[in-house]
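Where a number appears in this text, it was derived from the coordinates with a stated rule and is not lab data. Note that the coordinates shown come from a computational prediction; the quantities given were computed from them, not determined experimentally. Neighbour counts run over all protein chains shown; Cβ positions are idealised from the backbone, glycine included.
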Amino acid sequence: MTIWILALLLLASVAAMGYRQGAVRVAFSLGGILMGSILALPLARLIKPLVSICGVQSPVLLWLLPPCVVFLLVLTVFKAGGFMVHQKVEVFQKYHNGELRLALWERLSRRLGLCLGLLNGSIYLVLLSLLVFLLSYWTYQISAGEAESKGVRLLNRLGADLQASGLNRVARAVDRTPGAVYDAADAIGLIYHNDLLEARLARYPAFLGLGERAEFKDIAGDAQFAELRQKQVPLFELLDHPKTQAILNNPDVFKLVCDTVAANLADLTNYLQTGKSAKYDAEPVLGRWDFDVSGAILLLRKNNPKISSQEMQRYRNWVGQSFAKATLLATTENQVFLKDFPNLKGGSGASGWRNLHGEWKNTDGNYTFSYNDEGKSQEVSATVQGDRLSVITPLLTLVFQRED
């Protein structure tokens, strides 16, 4: 197995190095490994800005490199200290003791160094197992099979061997990574391997506001990106796409996405699997709504039972032409967007359509939409009954159906 071959090579090389360097230097290395492991995560946030200044922009590398840099810096300091102490001990043994004592010391130092080297190698193996476990958990979830690069396939193989050998339990025992990191990998893997879940993801209430940002509109409307997604190319190829890079390289947008996902991760995973949101289903107005032409006509007939067939036909034609593309979007930030809404005062046609943006408020189940229309503050009431949203305006009642 790959992981056992790697373990044997690691232990053998570190033990041989320990035999060559001697007990003093290897003992200091042991201290450096332990101290570096302890300080890697706490001090990583201090190193992260420096790594970013050096030109590293990838979120994955910005998350992975700082702890490794801290570990190597601490280990280097201890190794340097060990080298100086080793020099002093060697000089003392060489010039202040006899040849017999020097020979005995060298034999003891080498044998003890070999033992300590094996201990160091064991710790390195645990840390390496942790790194492989953490990285392979992500790459295995989003693997594109044979289309993946050799490096990713090797990492997946190491992860599978780690699981088969039982070393994954060792890695988990020392792992201090928040569980949300693994939950995020599960969610991304679920979406990556199920194209149909993308539509459900776009309807998740917490993401509705993000969908209105220009960066996400661009990526949603990019035909090349959609084609790559349908082919299920490796995720890293999707991340290298210019539209994706525009999001990843924008710190504010990327932070907003991360914060939104982190705050809703458990609910998001459940929503992807069941289509139900325990967190947001209690607020029925949230979501995308399409104008319901048939519902508006039925409501008019219900409210005006004596309306003539000629008037009904004119109303049907007018509603069908004017509101066919009208949609309403209510987000978790209490924002409401009314799109392709006809300008009832400006006539028909494309020039009479506009987009309105406002806020919604819930008062004991009764909703109020506030928005600015041509410089004037307007306020309308709305009600939600199941999958139907009725917005009562001074001119008519708008009926919307929840988007499937």
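Quick notes on this one:
- Computed from backbone phi, the HN-Hα couplings of segment 201-208 come to 4, 5, 8, 5, x, 5, 9, 5 Hz, rounded to whole numbers (Karplus: 6.51 cos²θ - 1.76 cosθ + 1.60, θ = phi - 60°; Gly and Pro given as x).
- In plain terms, the bigger the Kirkwood radius, the slower the diffusion; for the chain, with that radius from Cα pairs, at 20 °C and 1.002 mPa s, Stokes-Einstein puts D at 81 µm²/s.
- Distance between modelled label sites at K302 and A202, nm, 7 Å Cα→Cβ extension: 3.0 nm
- Selected from G151, Y137, V14, residue furthest toward positive end of dipole (the chain; charges at beta carbon): V14
- Our coupling estimate for segment 380-387, obtained by passing each phi through the Karplus curve with A = 6.51, B = -1.76, C = 1.60 and θ = phi - 60°, is 10, 9, 8, 9, 10, 10, x, 9 Hz, Gly and Pro reported as x.
- Over segment 140-260, volume per residue of the alpha carbon convex hull, in Å³: 130 Å³
- Shown in residue order for segment 230-242 are the 3J(HN,Hα) couplings computed by the Karplus curve 6.51 cos²θ - 1.76 cosθ + 1.60 at θ = phi - 60°: 5, 6, 6, 5, x, 4, 5, 5, 5, 5, 7, 5, x Hz (x for Gly and Pro).
- Summed residue charge, Cβ within 12 Å of Q230's Cβ, Lys/Arg positive, Asp/Glu negative: -1
- Top positive-direction residue, dipole computed over the chain with Cβ charges, set A226, Q321, L127: L127
- Neighbour count of at most 11 Cβ within 10 Å plus DSSP loop: longest trypsin sites (Lys or Arg not before Pro)-free window in the chain: 1-175
- Each Cα pair under 8 Å and six or more residues apart adds its sequence gap; the mean of these over the residue count of the chain is a relative contact order of 12 percent.
- Around the Cα centre of the chain, unit charges on the Cβ atoms of Lys, Arg, Asp and Glu (plus for the first two, minus for the last two) sum to a dipole of about 1120 debye.
- Interchain or long-range residues, amide H under 5 Å from E403's placed H: R288, W289, D290
- Secondary-structure-derived ellipticity at 222 nm for the chain, considering helices only, amounts to -21000 deg cm²/dmol, per-run term -39500 (n - 2.57) for DSSP H runs with n ≥ 4.
- Taking the Cα centre of segment 182-274 as reference, the dipole from Cβ charges on Lys and Arg (+1) and Asp and Glu (-1) amounts to some 140 debye.
- For L265, the shell of other residues with beta-carbons less than 14 Å away shows a net charge of -3, using +1 for Lys and Arg and -1 for Asp and Glu.
- Estimated FRET transfer efficiency (W63, Q273; beta-carbon r; R0 41 Å; 0.05): 0.95
- With R₀ fixed at 45 Å, the C-beta to C-beta distance from L395 to Y182 puts the FRET efficiency at about 0.25.
- Label-zone membership for segment 221-243, site R153, 7 angstrom Cα→C-beta point, backbone N under 14 Å: 234
- Ranked list, fewest to most other Cβ atoms within 10 Å of each Cβ, for S13, S377: S377, S13
- Dipole-positive endmost among A187, A282, T393 within the chain (Cβ charges, Cα centre): A187
- V77-L9 pseudo-label distance in nm [points 7 Å out on the Cα-to-Cβ vector]: 3.2 nm
- Among residues other than W353 with Cβ under 12 Å from its Cβ, the summed charge is +2 (Lys and Arg +1, Asp and Glu -1).
- Relative contact order [Cα under 8 Å, 6+ residues apart], segment 251-341, whole percent: 26 percent
- Max mean-square fluctuation residue, GNM over the chain, Cα-Cα springs under 10 Å, options G113, G375, G365: G375
- Largest GNM mean-square fluctuation across L300, L128, L162, computed for the chain with C-alpha springs under 10 Å, falls on L300.
- Taking the convex hull of the alpha carbon positions in segment 143-203 and averaging its projected area over all directions gives 5.6 nm².
- Dipole moment magnitude, nearest 20 debye, segment 287-402 about Cα centre, only Lys, Arg, Asp, Glu C-beta charged: 440 debye
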